[in-house]
Amino acid sequence: MREEFRLLIALQDLDIMIREAREQHTSDQYRDMGFKLTGLEELQEARKKLAAKIPTALRNRYEKLAAHFKLAIIPVTGDKCLGCFVKLPTSFFSSAYSSELLTCESCGRLLYIP
């Protein structure tokens, strides 16, 4: 897997943690279970540092997708995009292992093969 994808997946994970910490309903549930929710500033700082390592064009593409989808980067399992569950064309797999960025033709999310 390309390094940029690893960085994007880590960025997506940080975004999910930040979003959950900010959501009142979710944070209340975690507090009720006994978790302390601290460190939001540290998560935001880590996100900023990680985002700086990702090429600007790729980061901008991710940001646009993340604004529309809860998960912008999705794995491919079998022959399906796990974002929209549409079967991918066979031409996808011929270019799947190249260095180009792969996109689901149906939902537009970034795809990777785990």
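The values are calculated or read from the model by the stated rules, or taken from the named source; none is laboratory data. Since we're looking at a predicted model, the values are computed, not measured. Virtual Cβ from ideal backbone geometry, glycine too; neighbours counted across all protein chains shown.
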request  = Out of the residues in region 81-114 that are at pLDDT below 85 and of a type in the set (Val, Ile, Thr), state the one that is farthest from Arg2 (Cα to Cα).
outcome  = Thr90
ask   = Out of (1) touching a strand residue (DSSP E or B) at 6+ places or on another chain (Cβ under 7 Å); (2) surrounded by 14 or more Cβ atoms within 10 Å (Cβ to Cβ), the odd one out for Asp79 is which?
value = (2)
Residue among Ile74, Ile54 that alone is closer than 30 Å to Ser91 by Cβ, of a type outside the set (Lys, Arg), in a loop (DSSP other than H, G, I, E, B) and in contact with a Leu (Cβ under 8 Å, 6 or more places away or on another chain) = Ile54
task = Working carefully through the options Glu4, Glu42, find the one that is assigned to a helix (DSSP H, G or I) and over 26 Å from Thr103 (Cα atoms).
result = Glu42
Pair list, Cβ under 9 Å, 6 or more apart: region 67-96 residue closer than 16 Å to Ile113 by Cβ and free of Cβ contacts under 8 Å to residues at least 12 places away in the same chain, other residue small (Gly, Ala, Ser) and surrounded by fewer than 13 Cβ atoms within 10 Å (Cβ to Cβ) = Lys87/Gly78
remark   = Picking from Gln44, Gln29, Gln12, Gln24, the residue that is touching a strand residue (DSSP E or B) at 6+ places or on another chain (Cβ under 7 Å) and either surrounded by 15 or more Cβ atoms within 10 Å (Cβ to Cβ) or more than 23 Å from Tyr112 (Cα to Cα) (or both) would be Gln12
